[in-house]
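The values are calculated or read from the model by the stated rules, or taken from the named source; none is laboratory data. In this text, all values refer to a predicted model and were calculated from it rather than measured experimentally. A quick note on method: Cβ atoms are made from the backbone with ideal geometry, for glycine too, and the neighbour counts reach across all protein chains shown. All accessible areas refer to the heavy atoms of the entire protein, side chains included, with ligands and DNA or RNA removed. Shrake-Rupley method; radii C 1.70, N 1.55, O 1.52, S 1.80 Å.
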Amino acid sequence: MDLREIGEFGLINRIRKWMAASDPALIQGIGDDVAVIGIGSKALLVTTDILIEHIHFDRSWIDPYRLGKKALIVNLSDIAAMGGTPKYFLISLGLPKNLPLSFLSSFYRGLKEEGKRYRVDLIGGDTSLSQRITINICLLGEAKKGRILFRKGAGIGNDLFVSGTLGDAALGLKILQKKGPMGRPMGLMKKQLSPCPRIELGQAIAGGRLATAMIDVSDGLLIDTAHLIKESGVGARIWEDQIPLSRLYRKWIASYSKDPYQVALTGGEDYELLFTSPPDRREEISTLALSSKIPITRIGKILPQKEGFRMIRKDGKEYSPSRMGFEHFR
Ligand code: ADP
Ligand code: MG
């Protein structure tokens with residue numbers, strides 16, 4: 001058996017079984033957006049993400065300054081998904097010999113600016129020769145113990161909400177990769193190059209006890225919903241026509257896909273927050289959307305596990321998605 005058969009998530013499930021942890025201070029090990037370790041009334045949050053040249057990015061469409069920012073953003077988003085506060089990070093780099101120093105000075109300028117915006121400091125890392133640029137950040141954060149949102153915790157009858165709009169980053173990537181005509185939509189490309197980690201929104205949701213479970217949408221709405229409901233032991237329905245789509249997405253999607261929803265459902269890297277809440281929180285959630293100026297849309301409902309996970313079309317017909325989203329090795 002090789003990795004193609006089990007995929008990225010099949011592999012992670014096996015690692016989780018092989019390496020079961022038992023330390024009593026460990027609140028959450030493998031299986032969430034970050035690991036959570038209890039220290040008194042607080043919790044230490046730890047997350048790591050890797051970016052590899054030609055897999056996650058190409059130098060032809062992202063400049064080193066934006067790459068530095070994005071390397072931090074993808075990690076910040078995982079802390080946001082817990083409702084936590086990011087604090088410190090380490091960065092390990094694999095670099096080819098012929099890389100200009102100016103690439104690295106711009107890369108670190110991006111890192112520094114993004115770090116300053118979210119008040120996180122670089123505290124170390126590692127450096128090695130590599131054929132392709134490889135970037136790994138480990139980000140540490142903190143949260144109050146009782147105010148953390150996990151992937152598990154969604155209850156039957158909860159609403160399913162998502163922040164922002166979906167599919168913009170994936171459509172932006174298609175546009176960036178196609179050395180296309182002038183007048184390409186900056187907004188979509190920007191969502192791919194410089195997404196916004198929802199740190200403040202995550203903190204408001206967790207701090208206000210507005211949700212029961214939360215995850216960031218990094219691999220695609222369907223796959224990340226599947227992760228959340230699997231950890232919570234529940235099922236779900238999502239109304240296709242309720243998926244929040246931006247004006248630019250609606251305008252450009254027809255040039256890239258026959259199905260207007262496919263990219264929004266399966267495309268990754270939007271770094272929006274997906275969360276579940278009891279229906280009596282609807283009003284507070286609308287108020288938060290207004291005050292934060294970030295749209296929050298009710299897109300579905302949590303059901304018992306035996307109901308599975310399906311989409312509902314505008315005409316009321318249900319379907320099981322054939323493709324869930326991005327998964328390495330598949
Ligand atoms: P995210 O998309 O939020 O970054 P992932 O899908 O990458 O989450 O990872 C899911 C879970 O699996 C996390 O708890 C992560 O720490 C863990 N994980 C991923 N890869 C490995 C690995 N190679 N070894 C151990 N744990 C891993
Ligand atoms: Mg995540």
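Percent of C-alpha pairs per 5 Å bin in segment 274-330, short distances first: 4, 13, 17, 18, 17, 16, 11, 3, 1.
Couplings for segment 37-53, taken from phi via the Karplus curve 6.51 cos²θ - 1.76 cosθ + 1.60 with θ = phi - 60°, read 10, x, 9, x, 7, 9, 10, 8, 10, 10, 9, 9, 9, 10, 10, 10, 4 Hz in order; Gly and Pro are left as x. Per residue, the accessible area of the chain comes to 49 Å², computed with a 1.4 Å probe over protein heavy atoms only. Over the C-alpha atoms of the chain, the Rg to Rh ratio, Rh being the Kirkwood estimate, stands at 0.95.
For the chain, the 222 nm mean residue ellipticity estimated from helices alone, with every DSSP H stretch of n ≥ 4 adding -39500 (n - 2.57) and the total spread over all residues, rounds to -10000 deg cm²/dmol. Placing pseudo-labels 7 Å out from each Cα toward the beta carbon at Ala289 and Asp315 gives an inter-label distance of 2.8 nm.
In the chain, Cα pairs under 8 Å separated by at least six residues give a relative contact order of 22 percent. Ranked by the mean number of other Cβ atoms within 10 Å of their residues, highest first, the peptides 30-37, 74-81 fall in the order 74-81, 30-37. Distance between the modelled labels on Ser194 and Glu307, one decimal in nanometres: 4.2 nm (7 Å Cα→Cβ projection). Of the chymotrypsin sites (Phe, Trp or Tyr not before Pro) found in segment 183-290, the ones in coil according to DSSP and having at most 14 other Cβ atoms within 10 Å of their Cβ are Tyr256. A protection proxy built from the mean count of other Cβ atoms within 10 Å ranks the segments 277-285, 311-319, most packed first, as 277-285, 311-319. Surface composition of the chain: carbon and sulfur atoms hold 55% of the protein heavy-atom accessible area at a 1.4 Å probe.
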